[in-house]
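Below you'll find the structure, written out as structure tokens, and then a few comments.
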Amino acid sequence: MTRVRRAAAAFALTLPLLLATGCGIATTGVVESGRAGTVKLATAPDPGLLYFIAPGGGLVPLPVSDRMQRPDVGFTIGMLLEGPSEAAREAGLTTQIPEPDTLTPDSKAGARGGVKAAGDGKTLRLYLPLPVGPLSDPARRQLACTALAAVAAGAAPEILLIGSDGKEQSATCETRPAH
């Protein structure tokens, strides 16, 4: 086979590949499509979500297995105050809300029944059976996210924690750790 025939054969085999890859569609520039997509987390009325702290410091929702008999905010926060289940602790989830043995004798009695909630559409007030003054930022975020998961709200209301110490603390639901 001569050099010319080899070149013609190579060209004949390469030409269909070149035509197939260059399909004739012109390239386009960047197409603006608006804001980046967002996801709304745990703002639907699902009282079966409790927020605990993951090993990386962020908050993660944990579904309650028994789906609770009393789907109200106070009862849900009361369950949060009891801390993570054994399975959740084994998975590395923790809480920064004080454990029942560190609470005052008044707040130990019935954590589930000791939480009251009241809202006016703009502010959700949580009356807690524990002092809110010493609560850390992650503990306040746990309370806020769990409360928001338990209420049906179009827009996230302001969360106001009112403790047994008479102090009030504002709280926001931010699932990522504060830097």
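The values are calculated or read from the model by the stated rules, or taken from the named source; none is laboratory data. From a predicted model like this one, the values you see are computed outputs, not experimental measurements. For neighbour counting, all protein chains shown are included, and Cβ atoms are generated from backbone atoms with ideal geometry for every residue, glycine included. The protein model used for the area step is the full one, side chains on, heavy atoms only, and it has no ligands, DNA or RNA in it. Shrake-Rupley method; radii C 1.70, N 1.55, O 1.52, S 1.80 Å.
Structure notes:
- Pairwise label distance in nanometres, ALA118 with SER164, each label 7 Å out on the Cα-Cβ vector: 2.0
- Close amide-amide hydrogen proximity is noted between GLY119 and ARG125, each under 5 Å apart and 5 or more residues distant or on a separate chain (H modeled in the peptide plane; Pro and chain starts excluded).
- Annotation: peptides 56-63, 77-84, ranked by per-residue average of other Cβ atoms within 10 Å with the highest first, follow the order 77-84, 56-63.
- Potential lengthening between GLU90 and ARG35 on full extension [0.36 nm per residue; Cα-Cα distance subtracted]: 15.9 nm
- Largest to smallest accessible area among CYS145, CYS173 [probe 1.4 Å]: CYS173, CYS145
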